[in-house]
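See structure below.
The values are calculated or read from the model by the stated rules, or taken from the named source; none is laboratory data. This structure is a prediction, so every number in the text was calculated from the model and none was measured. Note that we place each Cβ from the backbone using ideal geometry, even for glycine, and neighbour counts take in every protein chain shown. SASA here: full protein model, heavy atoms, side chains in, ligands and nucleic acids out. Shrake-Rupley method; radii C 1.70, N 1.55, O 1.52, S 1.80 Å.
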Amino acid sequence: MSPNGLNDAKSTSASPASGKTGLFILAITYWLYFGQLGVLVPYLGIFLDGRGFSSAEIGELFAVITLARILGPGLWAGVADKTGNAIGVMRLGCLLTVLSFSSVFYFTSFWGLTLAFGLMMMFWTAVLPQLEVITMNTVAKTKATYGQIRLWGSVGFICLTVGVGKALDIFSTDTPVHASIGVLALLFISTLFIRSPNEAAPESSTAGSIWKYAKQKPFAIFIFASACLQISFGAYYGFFALYMRDLDYSGQQTGIFIALGVLAEVGIFLIARRLISQFGVWNLLFVSIALTGLRWYVMAAFADTFMVIVLSQLIHALSFGLTHAVSVHFIHQFLPKAYQSRGQAVYISIAFGLGGAFGNYMAGQQWQQGTNAYETFVTAAVFAAIGSLSLLLCSKKEMESAGEY
C-alpha cells in the first residue's frame, strides 16, 4: 500500500479495504479525529480566556468559526459525491487543516484568531462526512459494525481530554493548541493509508439535488431536532471547563468529567445497532434529546454537587453518542447512495454549523463571566426540550421508512 498523494482517485476508490488492517486504520483515524475535538472543544475557552478575551468575545469567536461548518460540508461533499473520490477530498481537507491551524501561533488579535480557526474549521468539514460514508460502506462488507469502529473516536477523545486537562495544571493555557497541531498532523498521515471498498458508479436515475430529499418531512424534522440539540450544546462546548474552574474543580478533574461522558459513549456505540433494531430511530432520538434537556437543567441547578456532575456526564452517552449513531444510520437508510455524503453534509452544516453557531453565540452573550451560568444552562435545557417535542410532528413509521426516490 503506497499512498501517492491526494488526487489518486482511481487507485484509491478502486482498492478494496484490506480486512482487519483497513478497519484498524479507520479506527485510528476516528481516534485522531475525535481526539482533536477532545483537545479543542473542552479547552478552547480556557485558551482564549488565557489570551485575555471576555466571555462575550469567546462566544462570538466560537459562533463565527462554527459558521464555517455551514458552507464547508456541502461544498466538500458535493465534490466527493460527484467525483467518487471521497478519500482524496478527505486527505486534502486534512492537509489544509494542518496548514491553516498553524497560523494560530502567529495571531494574537480577536480577528486574527477568528480567521485562523475559521479557515481550520472550513477545511476540517471535509473530513467527517467522507469518513462516515467510507466507514459505513466498509463495514457493510465485514462482520464489524459502525459502532465498533466509531467507538475508537470516543477513546481518542477520552485519552486526549484527560491528558490535556492534566497538562493544563502544569503548563500554560496555550497547551491545547500545541497538542492540536501534533494530532492534526498525525490525522493527515493516517488518511494516507485508508482504502475504500469498490463502489458502483451512481446511477443516472439518482441525479438531481439533495434538497428534494432534505425537504421531505421526516428528514426536515430530523434536521430541526438535531439543530435544537446542537444549540443546547453551546453552553457546554463553550463554557463547561470555565464553569468547572469557577466551581473550584481542578483541570484534571474537569478532564476526568469530560472523559467520563465520552467513556459512556463507548458502551453505547457497542450496542447502538442492537438498540436501533429494537427501538427504532424515532424512539431513541426522542428519549435521548429529552434526557439531554434534563442534563442541562441539573447542570444549571446542582453543578456544585460532585455526583450531579458525574450523573449528568453519563447522560452524554445519549446526548451525543446515541443521537450521533442513530443520525448516521437514519441518513444512510433514508438517502440513496449517491446522496449520502451530501446528506451527512446537510446534517453537519445545519445542525452542527447553524445550530452550533447560534448556540455558541447565545451562550456567550448570556454567560457574563459566569454570573449567569444558571440562566445559560436553563436556556440550553429549553432548546433540547423543543427539539424532542418537535419529533411529535413526525410519525415513527415515517422516520423509519426510506426516502421516496
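Brief remarks follow.
- Qualifying residue in the stretch 329-341 (condition: within 18 Å of Met122 (Cα to Cα), part of a helix (DSSP H, G or I), of a type outside the set (A, V, I, L, M) and open to solvent by 10 Å² or more (accessible area, probe 1.4 Å)): no
- Residue match in the stretch 352-366 (condition: within 14 Å of Phe224 (Cα to Cα), open to solvent by less than 50 Å² (accessible area, probe 1.4 Å), among the hydrophobic types (A, V, I, L, M, F, W, C) and in a helix (DSSP H, G or I)): yes
- Per the conditions (1) in contact (Cβ under 8 Å) with a residue 24 or more places away in the chain; (2) under 20 Å from Tyr33 (Cβ atoms), the sole criterion not satisfied by Val79 is (1).
- Qualifying residue in the stretch 120-135 (condition: of a type in the set (Gly, Ala, Ser), at negative phi and assigned to a helix (DSSP H, G or I)): no
- Elements of type helices (runs of 4 or more DSSP H) in the stretch 209-268, at least 2 residues being at pLDDT below 80, out of contact with any Leu (no Cβ under 9 Å at 6 or more places or on another chain) and closer than 19 Å to Ile350 by Cβ: 211-214
- Of all the listed residues (Leu311, Leu322), the sole one being open to solvent by 50 Å² or more (accessible area, probe 1.4 Å) and either part of a helix (DSSP H, G or I) or of a type in the set (Val, Ile, Thr) (or both) is Leu311.
- Within the stretch 288-308, tally of residues that are within 17 Å of Phe269 (Cβ to Cβ) and open to solvent by 50 Å² or more (accessible area, probe 1.4 Å): 0
- Subset of the stretch 166-178 (residues that are among the hydrophobic types (A, V, I, L, M, F, W, C) and part of a loop (DSSP other than H, G, I, E, B)): Ile170, Phe171
- Whenever a residue of the stretch 295-310 is over 15 Å from Asp246 (Cβ atoms), its partners that are of a type in the set (Gly, Ala, Ser) and surrounded by fewer than 19 Cβ atoms within 10 Å (Cβ to Cβ), lying with C-beta atoms within less than 9 angstrom and at least six residues away or across chains, give the pairs Val308/Ala301.
- Qualifying positions in the stretch 71-119 - open to solvent by 30 Å² or more (accessible area, probe 1.4 Å), part of a loop (DSSP other than H, G, I, E, B) and farther than 20 Å from Gly45 by Cα: Gly84
- Single match in Ala126, Ala144, Ala167 (criterion: open to solvent by 10 Å² or more (accessible area, probe 1.4 Å) and modelled with pLDDT under 85): Ala144
- Test set (1) out of contact with any Gly (no Cβ under 8 Å at 6 or more places or on another chain); (2) at pLDDT 90 or above; (3) crowded, with 23+ Cβ neighbours inside 10 Å; (4) of a type outside the set (Lys, Arg) - Tyr347 fails condition number: (2)
- Of residues in the stretch 179-208 being at pLDDT 75 or above and in a loop (DSSP other than H, G, I, E, B), the one most open to solvent (accessible area, probe 1.4 Å): Phe193
- Cβ pairs under 8 Å, 6+ apart, first in the stretch 124-145 and closer than 12 Å to Ala80 by Cβ, second at pLDDT 80 or above and outside any helix (DSSP H, G or I): Ile134/Ile194
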